[in-house]
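Student: One structure, as C-alpha cells, below. Some questions next.
The values are calculated or read from the model by the stated rules, or taken from the named source; none is laboratory data. As the structure is a computational prediction, the values presented were derived from the model and not from experiment. Reconstructed Cβ throughout: ideal geometry from the backbone, glycine too, with neighbour counts over all protein chains shown. Side chains included, ligands, DNA and RNA excluded: accessible areas come from the protein's heavy atoms. Shrake-Rupley method; radii C 1.70, N 1.55, O 1.52, S 1.80 Å.
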Amino acid sequence: MKKSELVQQILGSHFGKVPENHRTAEAFAPSNIALCKYWGKRDTDLNLPLTSSLSVALPAFGSHILLSVNSDKKDEIILNDSPVQSDTQFYRRFIDYINLFRPKLSWYFKAVIHSTVPVSAGLASSASGFASLVLALNQLFEWQFDRRQLSVLARLGSGSACRSLWDGFVEWQAGVRADGMDSHGVPLEQIWPDLCLGLLIFSVDAKPISSREAMQRTVQTSRLYRDWPAQVSSDMEKIKKAIREKNFLLLGESAEANAIAMHATMADAIPGISYALPETKTSIQKIRQMRDEGISVYFTQDAGPNLKLIFLRQDMPDISRCFPGLQVVQLFSAGTF
Ligand code: 2P0
C-alpha cells in the first residue's frame with residue numbers, strides 16, 4: 001500500500017475537505033531518545049519497523065509550530081526566524097509530507113517553526129518536527145483524531161516521530177499489519193522523576209550519511225543484523241522490567257548494550273558505517289572508567305557522534321564535574337538543570 005492511499009483511508013470523509021475556519025493551528029511536540037533503538041524497516045515507504053523500540057521524551061527540546069493557510073499562493077516555511085529555501089532537503093521532506101493532506105492544489109500552507117533541537121545532529125529533530133506538524137494538521141482540519149491515529153500519521157513522515165506524541169516513556173509497537181495501522185506509539189504509565197539524561201554534544205554538523213540510508217544499508221548488507229531482532233526482544237523486556245521496578249543498573253546496562261549492538265550492525269555493513277568522532281570514543285572510555293570508580297553512568301548513541309548519558313539525579317554533581325559541557329535534561333518535569 002502506498003502512503004497516499006493509506007492517508008486517504010485514514011482521513012476517510014475528511015479527505016479533500018477544506019476546513020471552515022481558516023485559523024492558525026499551534027502545537028508543540030518533544031524530541032525523544034530511544035533506550036531500545038529503531039533500526040531497520042520492513043516497509044520503507046510507510047516507515048514500518050522490523051522491531052519495536054522504546055524511548056523517553058525530552059520535554060525541553062522539541063518543535064513548536066504555527067500552521068496556517070497561506071494567502072500568498074505559495075508554500076512558506078520559516079525555521080527559527082529564517083525562510084527555508086525550496087532546494088533544501090528539509091523543505092522537500094516537509095512539502096512531500098504536507099502534500100498528502102493538501103485539500104486542493106490551489107491551497108498553500110505557511111509554517112512557522114521554532115526548533116530547540118539541532119537539526120541533523122542525531123537528536124531526533126525530525127521526530128519532534130513531524131509530530132508537531134501532525135498535531136497542528138489535526139487542529140487545522142478539525143479531524144479530532146486520537147493520539148494513536150496521529151502517531152500512525154506522524155510515522156509516515158519519520159519513523160521515530162510516532163514516539164513524539166507523548167511525554168515520558170513510549171513504546172513503538174512494531175505491529176504486523178501490511179498497512180501499519182497497528183504500528184504506533186503506546187505511552188507507558190510509569191514515570192521516573194530521578195532519571196536524568198545528559199547531552200554530550202561534540203558536533204551539530206549534518207551527518208555524513210542519513211539514518212534513513214544507514215539503516216537501509218545495514219538491513220541489506222550487514223550479517224550481524226540477523227541477530228538484531230533477538231537482541232531487541234531481549235533488551236526490550238529488560239528495559240520495561242527496569243522501568244517497572246526502577247532498577248537503574250538494569251536500565252543503564254540494557255540501554256547501553258542495545259546502542260552498542262546497533263552500532264555493531266552498522267560497522268558490519270558494506271561499506272561500514274561509523275558516526276563516532278575521536279571525542280565520542282574518549283568519552284565512552286571515560287564513562288567506563290567512571291563506572292569502575294563506582295559512579296553509575298551509562299550512555300546511548302544514535303545516528304550521530306553525540307552521546308546521551310543516563311544517570312540518576314543523585315549522581316548529577318559527580319557526572320557534571322567529569323563532563324563540564326554536559327547539558328542535563330529533566331525527563332519528567334520540563335526544563336534543563
Ligand atoms: C531511534 N534512530 O530509535 C533510532 C536510533 C536513529 C538511531 O529513529 O527513516 O529519522 O525517518 O523513519 O526516524 C532515526 O530514524 O528514520 C532513528 P526514518 P528516523 O531513535
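Student: Where residues in region 18-39 are open to solvent by less than 50 Å² (accessible area, probe 1.4 Å) and more than 16 Å from the ligand (Cβ to nearest atom), which of them is nearest to residue 129 (Cα to Cα)?
Tutor: Out of the qualifying residues, it is 27.
Student: Still on this structure, I have one more. Every residue in region 40-68 that is more than 12 Å from the chain's Cα centre (by Cα) and within 11 Å of the ligand (Cβ to nearest atom), please.
Tutor: Once the filter is applied, which keeps residues that are more than 12 Å from the chain's Cα centre (by Cα) and within 11 Å of the ligand (Cβ to nearest atom), region 40-68 yields 40, 41, 43, 44, 45, 46, 47, 48, 49, 51, 52.
Student: Also, I was wondering about something else. Limited to region 213-233, what total is found for residues that are surrounded by 15 or more Cβ atoms within 10 Å (Cβ to Cβ) and either touching a helix residue (DSSP H, G or I) at 6+ places or on another chain (Cβ under 9 Å) or among the hydrophobic types (A, V, I, L, M, F, W, C) (or both)?
Tutor: 11
Student: Here is a follow-up. Is one or more of the residues making up region 315-328 within 19 Å of residue 255 (Cβ to Cβ), out of contact with any strand residue (DSSP E or B) (no Cβ under 7 Å at 6 or more places or on another chain) and assigned to a helix (DSSP H, G or I)?
Tutor: The answer is yes, given that some residue of region 315-328 is within 19 Å of residue 255 (Cβ to Cβ), out of contact with any strand residue (DSSP E or B) (no Cβ under 7 Å at 6 or more places or on another chain) and assigned to a helix (DSSP H, G or I).
Student: Looking at (1) touching a Gly at 6+ places or on another chain (Cβ under 8 Å); (2) assigned to a helix (DSSP H, G or I), can you tell me which one residue 309 breaks?
Tutor: (2)
Student: So, in region 299-317, how many residues would count as being away from the ligand (no atom under 16 Å from the Cβ) and buried (at least 16 other Cβ atoms within 10 Å of the Cβ)?
Tutor: Selection size over region 299-317: 5.
Student: Further question: Of the residues in region 124-144, how many are hydrophobic (A, V, I, L, M, F, W, C), within 10 Å of the ligand (Cβ to nearest atom) and part of a helix (DSSP H, G or I)?
Tutor: Qualifying residue count for the region: 2.
Student: With the checklist (1) more than 25 Å from residue 59 (Cα to Cα); (2) more than 16 Å from the chain's Cα centre (by Cα); (3) not polar (S, T, N, Q) in hand, flag the one item residue 146 doesn't pass.
Tutor: Evaluating residue 146 over (1) more than 25 Å from residue 59 (Cα to Cα); (2) more than 16 Å from the chain's Cα centre (by Cα); (3) not polar (S, T, N, Q) leaves (1) as the failure.
This table checks each residue for (1) open to solvent by 20 Å² or more (accessible area, probe 1.4 Å); (2) closer than 26 Å to residue 244 by Cβ; (3) in the same structural domain as residue 28 (by TED's automatic domain parsing).
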{"position": "88", "(1), (2), (3)": "yes, no, yes"}
{"position": "108", "(1), (2), (3)": "yes, no, yes"}
{"position": "114", "(1), (2), (3)": "yes, no, yes"}
{"position": "132", "(1), (2), (3)": "no, no, yes"}
{"position": "142", "(1), (2), (3)": "yes, no, yes"}
{"position": "145", "(1), (2), (3)": "yes, no, yes"}
{"position": "148", "(1), (2), (3)": "yes, yes, yes"}
{"position": "166", "(1), (2), (3)": "yes, yes, yes"}
{"position": "174", "(1), (2), (3)": "no, yes, yes"}
